[in-house]
1. Taking ALA123 as the residue in question, decide whether it is at pLDDT below 95, aliphatic (A, V, I, L, M), open to solvent by less than 30 Å² (accessible area, probe 1.4 Å) and closer than 30 Å to ALA198 by Cα.
2. Can you spot a residue in the stretch 257-266 that is of a type in the set (Gly, Ala, Ser), under 37 Å from the mean Cα position of the chain (by Cα) and not in a helix (DSSP H, G or I)?
3. Taking the criterion of being over 30 Å from ARG143 (Cβ atoms), among the hydroxyl-bearing types (Ser, Thr, Tyr) and assigned to a helix (DSSP H, G or I), would at least one residue in the stretch 229-244 satisfy it?
4. Check the stretch 125-139 and report whether any residue there is within 30 Å of PRO264 (Cβ to Cβ), hydrophobic (A, V, I, L, M, F, W, C) and either touching a residue at least 12 places away in the same chain (Cβ under 8 Å) or in contact with a strand residue (DSSP E or B) (Cβ under 7 Å, 6 or more places away or on another chain) (or both).
5. With the requirement that a residue be open to solvent by less than 50 Å² (accessible area, probe 1.4 Å) and over 26 Å from SER26 (Cβ atoms), what does the stretch 65-92 give you?
6. For TRP148, all conditions in the list (1) hydrophobic (A, V, I, L, M, F, W, C); (2) open to solvent by 60 Å² or more (accessible area, probe 1.4 Å); (3) closer than 30 Å to SER35 by Cβ hold save one; what is the number of the exception?
7. Please verify whether LEU113 is open to solvent by 40 Å² or more (accessible area, probe 1.4 Å), among the hydrophobic types (A, V, I, L, M, F, W, C) and under 25 Å from the mean Cα position of the chain (by Cα), treating the condition exactly as stated.
8. From the residues in the stretch 187-216 that are outside any loop (DSSP other than H, G, I, E, B) and charged (D, E, K, R), which one is least open to solvent (accessible area, probe 1.4 Å)?
Amino acid sequence: MVNATTADATPGTAPGPGRVVLLTTSHRVAPGLLSWPAWQALRTADRVLCADGTHPQLPYLREAGIRVDETAPTAEELVAACVGGHTVVVVATGEGDPALTDGLARLAGSGRLRMPDLELLPASYDLPGARLLDLVQVMDRIRVECPWSSQRTHKSLAKYAIEEAYELVEAIEDGDRDELREELGDVLLQVVFHARIAEEDPDAPFSVDDVAGTIVTKLIHRHPHVFGDETASTPEEVREHWLRTKAAEKQRTSVTEGVPLGQPGLALAAKLASRVRTAGLPVPLPSGEGIGYELLALAARAEAEGTDPEAALRAAARAYRDAIRQTEGAGD
C-alpha cells in the first residue's frame, strides 16, 4: 500500500487527494461472497469501475444496488477521478490489472502528481485446499479436449498409480523436498483422474466430491478420540481405536480380507503376518523348501520387530547400487 502524505479535507482546507481502492477477489470463492470491508468500500465509493464486463462479481454488485462503470481507465485518468477527495474502487480482473498498477507506481515515483491514497483490499480469500478446485477444473478440460486423456479408463491408468506411488516412496527415501512435492502432485493427479473417469460411468457414477466425502466420513468415524468422546493418549491406543472401528465397518469373516495379493511379495508377507499377530491367531508359518519360505520367515520376523521388510531391502539394495557405481568408477 502506498499512502499519500496529504491529510483528508477538513473545513477551511483544500480537499484531500482522494483514494483508490483496488478490490481483488478469488475465482475459487462463489461470486458475491465478499468481506464486510469490501462491501463497505463499494457502498461508500464515489465511483466503482471494472474493465471486464463479464466479471463474475458484476451481477451481484448490481443486484446489491451498486453502480459499476465498465471502463478501463489509465493511471492518469484514475488519479484525476480522485481529485476533490473522491474515492474510486476498481474491481480487479482475474489478471489483476497490471498495466494500471504499474502506471500508478510510475506516477507515484515521478513526483509530478499529487497521488491519492492507494489501497489493495482483498475482498475474498482462498481457503486451504482452494487450488484443488483448479486441479478439478483443469482435469475436466483435459478429459474433454485431450485425445489421449479422453480415452483412458480405470484399467488403463492402473499401472500409473503403482508407478507414481513408487516414485513418491523414492522421493521420501531420498529426502528430496522438491521431488517430494512433485511426486505428491502426481499421486494426487491419479486420484482426480480416476474420479473424473468415474463420473462417466452409466451405472454407478461418482465424483471427486464423493471420493472426498467418503474419506472424510471414514476419518471422522475412525478417530473417535478426536471427533468423539473417546480418549487416546498414545499411538498404540489410537491404533486400537482404528482397528476396532475398522473391524466394525468391514465385518470381515477373515483377517486376510482386504489384503491385496498383487502387492510386492515382502510387503504381502509382512501384511499377512501383521494381521495374524494383531488378531492373536495361532497360525504358524508354513514350512517348505526354497527361498520363498525363507523370505516369508524373514518378512514375518521383520514385521514382528517393527521393521518394514520392503524398506529394509530397498535400503540394502541402494547400498549395493552405490557399491556397484563405486567399483565402476574405480575402473575408469
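1. Against the criterion (at pLDDT below 95, aliphatic (A, V, I, L, M), open to solvent by less than 30 Å² (accessible area, probe 1.4 Å) and closer than 30 Å to ALA198 by Cα), ALA123 does not qualify.
2. Scanning the stretch 257-266 turns up at least one residue that is of a type in the set (Gly, Ala, Ser), under 37 Å from the mean Cα position of the chain (by Cα) and not in a helix (DSSP H, G or I).
3. So far as the stretch 229-244 goes, no, none of its residues is over 30 Å from ARG143 (Cβ atoms), among the hydroxyl-bearing types (Ser, Thr, Tyr) and assigned to a helix (DSSP H, G or I).
4. Yes, some residue in the stretch 125-139 is within 30 Å of PRO264 (Cβ to Cβ), hydrophobic (A, V, I, L, M, F, W, C) and either touching a residue at least 12 places away in the same chain (Cβ under 8 Å) or in contact with a strand residue (DSSP E or B) (Cβ under 7 Å, 6 or more places away or on another chain) (or both).
5. VAL79, ALA81, CYS82, GLY84, GLY85
6. Condition not satisfied by TRP148: (3).
7. Answer is no for this residue.
8. For the stretch 187-216, the residue satisfying everything is ARG196.
The values are calculated or read from the model by the stated rules, or taken from the named source; none is laboratory data. All values reported here derive from a predicted model rather than from experimental measurement. Quick reminder, even Gly has a Cβ in these numbers, built from the backbone with ideal geometry, and neighbours come from all protein chains shown. Please note that ligands, DNA and RNA were not included when accessible areas were found on the heavy atoms of the full protein model with its side chains. Shrake-Rupley method; radii C 1.70, N 1.55, O 1.52, S 1.80 Å.
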